[in-house]
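To start, the structure itself, in structure tokens.
Read-outs throughout are calculated quantities, based only on the coordinates presented, and are distinct from any laboratory measurement. If you're wondering where the values come from, they're calculated on a predicted model, not measured in any experiment. Every residue, glycine among them, receives a Cβ derived from its backbone with ideal geometry; neighbour counts consider all protein chains shown.
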Amino acid sequence: VIDHGQPEHAIVTTCAYCGVGCSFRAEMKGEQVIRMVPNKDGQANHGHSCVKGRFAFGYATHKDRVTKPMIRANISDPWKEVSWEEAINHAASELRRLQGKYGKDSIGSITSSRCTNEEVYLMQKLTRAGFGNNNVDTCARVCHSPTGYGLKQTFGESSGTQDFDSVMEADVIMVIGANPTDGHPVFASLMKKRLREGANLIVVDPRQIDLVKTPHVAADYHLKLRPSTNVALMNALAYVVVTENLVDEAFVNERCDMASFNKWRSFISQDMHSPEAAETITGVPAADVRAAARLYATGKNSAIYYGLGVTEHSQGSTTVISIANLAMATGNLGRKGVGVNPLRGQNNVQGSCDMGSFPHEYPGYRHVSDDITRGLFETTWHKELSPEPGLRIPNMFEAAIDKSFMGLYVQGEDIAQSDPDIQHVHAALRSMECVIVQDLFLNETAKFAHVFFPGSSFLEKNGTFTNAERRISPVRKVMTPLAKYQDWEVTQMLSNAMGYPMNYNHPSEIMAELASLTPTFAGVSYEKIDQLGSIQWPCNDETPNGTPIMHKDEFMRDDGKGLFMLTGYVPTAEKVTPKFPLILTTGRILSQYNVGAQTRRTDNNVWHAEDILEIHPHDAEDRGVNNQDWVGIKSRSGETVLRALISERVQPGIVYTTFHFPESGANVITTDNSDWATNCPEYKVTAVQVTKVSQQ
Ligand code: SF4
């Protein structure tokens, strides 16, 4: 530990890693951050932090940072450093050239959940008004897009229902497909505090996550299901609720759409959904399912927390809907201690979705085909807008291979490493004539780029992030951008060069425009954020200081009623066979973060410096694999090599890896299956063979 002495001043800002959104005091000497101190007044973290937020900020000044714009004619050419003016003009003229040659819809953009709300808002505005199409999508496509869809359909709003502190009033906590200890450490500490006080715990996960058994905390039930069978399990839990008269009839009668409930009740009470029938699909003993369902349904306050183990499946949206159904049927919504709580991965996943990053929705989740909403944006933006939804990320790739989508502006997202079936992604990027990458580092996607705009880290910009509890928190500039401009300024310059004028002087003006156009943000302003510390949307005349708990009296659907939807189980197309007998599933570790672009460039590497493959002792023995041996993993999509870790955390027949290091190539092997409603990739289920390659 280096002692940097006393700081000269401190600036409060928000962590740029996970969706907990911890508040920090950046302690400074001049423009140098000497330490990040968790903020005692932080409303999401109350003075706590994890190793990432506290120690892993050195990437902001890492030697790998690119600080000069660069261009090249072909991706095989060396990069040429140019001025900002030349880079912006070149990019603008290339994008206009492509639109002239291939049509208006031949270009698009991808926004980042690591960027601020204001930056994301400008990206979608550039696309809709500057490019003249709706070809904007977000990296949330590959993580929580099923949350957006499922909760919008059932509750009327694409967000979690509670604040984090709500967990302290939960009596029963169900964690589904999430590993808070590694993925959301500060919230996990709060949850463990409540569990130590005596709350009951149900874990639904194929793998034994830490929460199942950790000091002073043990799950009452660990429903160790086979990957891809979430819907069958959730239906079995609901079957018990319905057939054992555990429905909260008063809540359902008063708060829900009764026609949909009655239809759902008939559907779910069919014997095909019984725990006994489900056991053959999920592998979970029926008795455990029955007991867990009773525990959840009879708890005074029961809360569900879930993660990417729910969403990243071909039935991700169906599982989100089944969770919403279960919570409504048992009356576990609209007060402290209950709710449906998606644990968002990246710092601003919630915000990037809120800001209109989806190709079919304006900010505030309003469809582009809605004439009234579109008219509002047209008036403010002084531009006629397209009523047609644009391309999703996977559709952009398909169109690129068909030579109809030829230009892409990617901000703060490494799609050439993070997206599934990576060979397909690379082929699509190679097909495009102009790929613009904006990032801190020359990431994997930059290998396919023709223009590189240096990005700015969270320490170099002003703006806001919105965490998993809808909390909009301030991001404050603590140092001058190494490459001169904040990301939103670059987007603005590109827009101006393309002939669509933007003239913001500060991100607060962008937030003011958003608030004027979006009812759920109508009361949000920088002044109020500074005054209150943070604000949980919806924030408007009815709730001027924000909304910690949603759906208290009414759901946000037009009629105010919660909607039940049918959730038939459909097996994944990804089958195990004698050739591919194991199921690979994926997750994260505490010290690293997603594709590792940031954490790999910090001292966090001392904890974990490689991805490993967890394999059950029986499967290891069958293959002659010892701990630390190198093993080959082959799927129908591709193959890679990882070091083996023999572990009983995984069940026989299941192997598990993380995806933080590009050389381990986890996404070389993942499939192109995706969620039926949102195209969220099925990262969590890949049939593989594992063979020993060499000894350690
Ligand atoms: Fe940052 Fe998440 Fe850790 Fe908090 S819990 S310090 S937001 S990574």
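At-a-glance table
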read-out	value
Antiparallel %, DSSP beta bridges [both residues in the chain], to 5	50 percent
Rounded Å value of the spacing that divides the Cα centres of region 117-150 and region 476-505	18 Å
Exceeding the 25 Å Cα-Cα cut-off - candidates K104/K383; K300/K552; K125/K477; K40/K63; K29/K52	K40/K63
Local net charge near E94, Cβ-Cβ under 11 Å (Lys/Arg +1, Asp/Glu -1)	+2
Equivalent-ellipsoid semi-axes of region 9-61, from the Cα gyration tensor, Å, largest first	17, 13, 8
Stokes-Einstein D (µm²/s) once Rh is taken as the Kirkwood radius of the chain over alpha-carbon pairs, at 10 °C in 1.306 mPa s	62 µm²/s
Paramagnetic reach from T280 in region 553-567 [backbone N under 12 Å; point 7 Å along Cα→Cβ]	none
Unit charges on C-beta of K, R, D, E only; dipole of region 160-342, Debye	200 debye
Region 106-207, dipole about Cα centre (Lys/Arg Cβ +1, Asp/Glu Cβ -1), debye to the nearest 20	260 debye
Global form of region 160-342, assessed from the alpha-carbon gyration tensor, a/c cut-off 1.5	oblate
Unit charges at the beta carbon, dipole of the chain: most positive-side option, A291, M328, G5	G5
Contact order relative to length of the chain, as percent, for alpha carbon pairs under 8 angstrom and 6 or more apart	20 percent
Simple label model, 7 Å out from Cα along Cβ direction - D371 to T214, nm	5.4 nm
Distance (nanometres) between label positions extended 7 Å along Cα→Cβ at V576 and E378	5.5 nm
Extension gain from R430 to D558, taking 0.36 nm per residue of separation minus the Cα-Cα distance	41.6 nm
Relative exposure of K692, K192, judged by other C-beta atoms within 10 Å (fewest first)	K692, K192
Positive-end extreme of charge dipole, the chain - chosen from N496, V690, I535 (charges on Cβ)	V690
Mean residue ellipticity (222 nm) of the chain, computed from DSSP H runs ≥ 4 via -39,500 (n - 2.57), nearest 500	-8500 deg cm²/dmol
Order of E648, E489 - criterion: other Cβ atoms within 10 Å of each residue's Cβ, fewest first	E648, E489
Magnitude of the charge dipole, region 510-577, Cβ model with Lys/Arg +1 and Asp/Glu -1, debye to 20	340 debye
Ranked list, fewest to most other Cβ atoms within 10 Å of each Cβ, for D271, D41	D271, D41
Average projected area [Cα convex hull, region 456-596], square nanometres	15.5 nm²
Aspartates and glutamates with Cα under 14 Å of K192, excluding same-chain neighbours fewer than 8 positions away	D165, E169, D171, D182, D210, D220
Theoretical FRET efficiency, 1/(1+(r/R0)^6), r = Cβ-Cβ of R476 and E621, R0 51 Å, to 0.05	0.40
